[in-house]
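What follows is one structure encoded as structure tokens, with my remarks underneath.
The values are calculated or read from the model by the stated rules, or taken from the named source; none is laboratory data. Just so it is clear, the model here is predicted, and its values are computed rather than measured. Heads up, the Cβs are rebuilt from the backbone with ideal geometry, glycines too, and the neighbour counts pull from every protein chain shown. What goes into the accessible areas is simple: the full protein's heavy atoms, side chains included, and nothing from ligands, DNA or RNA. Shrake-Rupley method; radii C 1.70, N 1.55, O 1.52, S 1.80 Å.
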Amino acid sequence: MAINPDYLGREYPAPESYEVTRGKIREFAEAVNDPNPVYTDAASAKAAGYPDVIAPPTFPVILGMAGSAHAIADPALGVDFSRVVHGDQSFHYSRPLHAGDVLSSVTRITGIKSLGGNELLTLETVADDADGEHVVTTTMMLVVRGE
């Protein structure tokens, strides 16, 4: 089943805001085995010029995965999740994420194409803080393997 090209540009707003907490940052830093104290110690983060602990650079993958899950769950898009592999990921920041951020996000389908018997689905998630200021955009490309 082919990905529905009419879905290019479709948006999937997050159903609720995402609160970045010290605990979530610590858990993520531990999961990626990054001992940098600016991720776990508020005093170290403040000494480095941040308002609180900051998130590791790949932390927003959480937002991107949540947004892409909404898109992939849309049956009319036509993605067979059993054939999906992660192809690429990138992050573009306006500033680091820190504990206390409350983010709203929207995921948009920005690319659908066929290549070598596979289909490539590109999703972009834009996250803004509570003041409506851009914080990070994460782009994820998924490969739907051909049969």
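Summary table
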{"quantity": "Hits in the range 99-133 (condition: part of a strand (DSSP E or B), under 30 Å from ARG22 (Cβ atoms) and over 14 Å from the mean Cα position of the chain (by Cα))", "calculated": "VAL102"}
{"quantity": "Meets criteria (aliphatic (A, V, I, L, M), out of contact with any Gly (no Cβ under 6 Å at 6 or more places or on another chain), loosely packed, with under 14 Cβ neighbours inside 10 Å and in contact (Cβ under 8 Å) with a residue 24 or more places away in the chain) for VAL85", "calculated": "yes"}
{"quantity": "Selection count where residues are touching a residue at least 40 places away in the same chain (Cβ under 8 Å) and closer than 16 Å to THR58 by Cα, scope the range 124-147", "calculated": "9"}
{"quantity": "Residue tally, condition crowded, with 20+ Cβ neighbours inside 10 Å and among the acidic types (Asp, Glu), over the range 88-123", "calculated": "2"}
{"quantity": "Long-range neighbours under 6 Å by Cβ, at least six apart or interchain, first residue more than 11 Å from ALA55 (Cβ to Cβ) within the range 20-44, second part of a loop (DSSP other than H, G, I, E, B) and among the aliphatic types (A, V, I, L, M)", "calculated": "ALA42/VAL53"}
{"quantity": "Failed condition for VAL135, given (1) in contact with a helix residue (DSSP H, G or I) (Cβ under 8 Å, 6 or more places away or on another chain); (2) of a type in the set (A, V, I, L, M); (3) open to solvent by less than 20 Å² (accessible area, probe 1.4 Å)", "calculated": "(1)"}
{"quantity": "Checklist (1) out of contact with any strand residue (DSSP E or B) (no Cβ under 8 Å at 6 or more places or on another chain); (2) not in a helix (DSSP H, G or I) applied to PRO96, failing item", "calculated": "(1)"}
{"quantity": "Leading residue by the ranking (surrounded by the most Cβ atoms within 10 Å (Cβ to Cβ)) among those in the range 1-29 that are farther than 14 Å from THR122 by Cβ and of a type in the set (Gly, Ala, Ser)", "calculated": "ALA29"}
{"quantity": "Test: residue in the range 61-74 that is over 15 Å from the mean Cα position of the chain (by Cα) and either closer than 19 Å to GLU27 by Cβ or surrounded by fewer than 19 Cβ atoms within 10 Å (Cβ to Cβ) (or both)", "calculated": "yes"}
{"quantity": "Complete set of residues in the range 1-48 that are out of contact with any strand residue (DSSP E or B) (no Cβ under 7 Å at 6 or more places or on another chain), more than 21 Å from MET65 (Cα to Cα) and either part of a helix (DSSP H, G or I) or charged (D, E, K, R) (or both)", "calculated": "ASP6, PRO37, ASP41, ALA42, ALA43, SER44, LYS46, ALA47"}
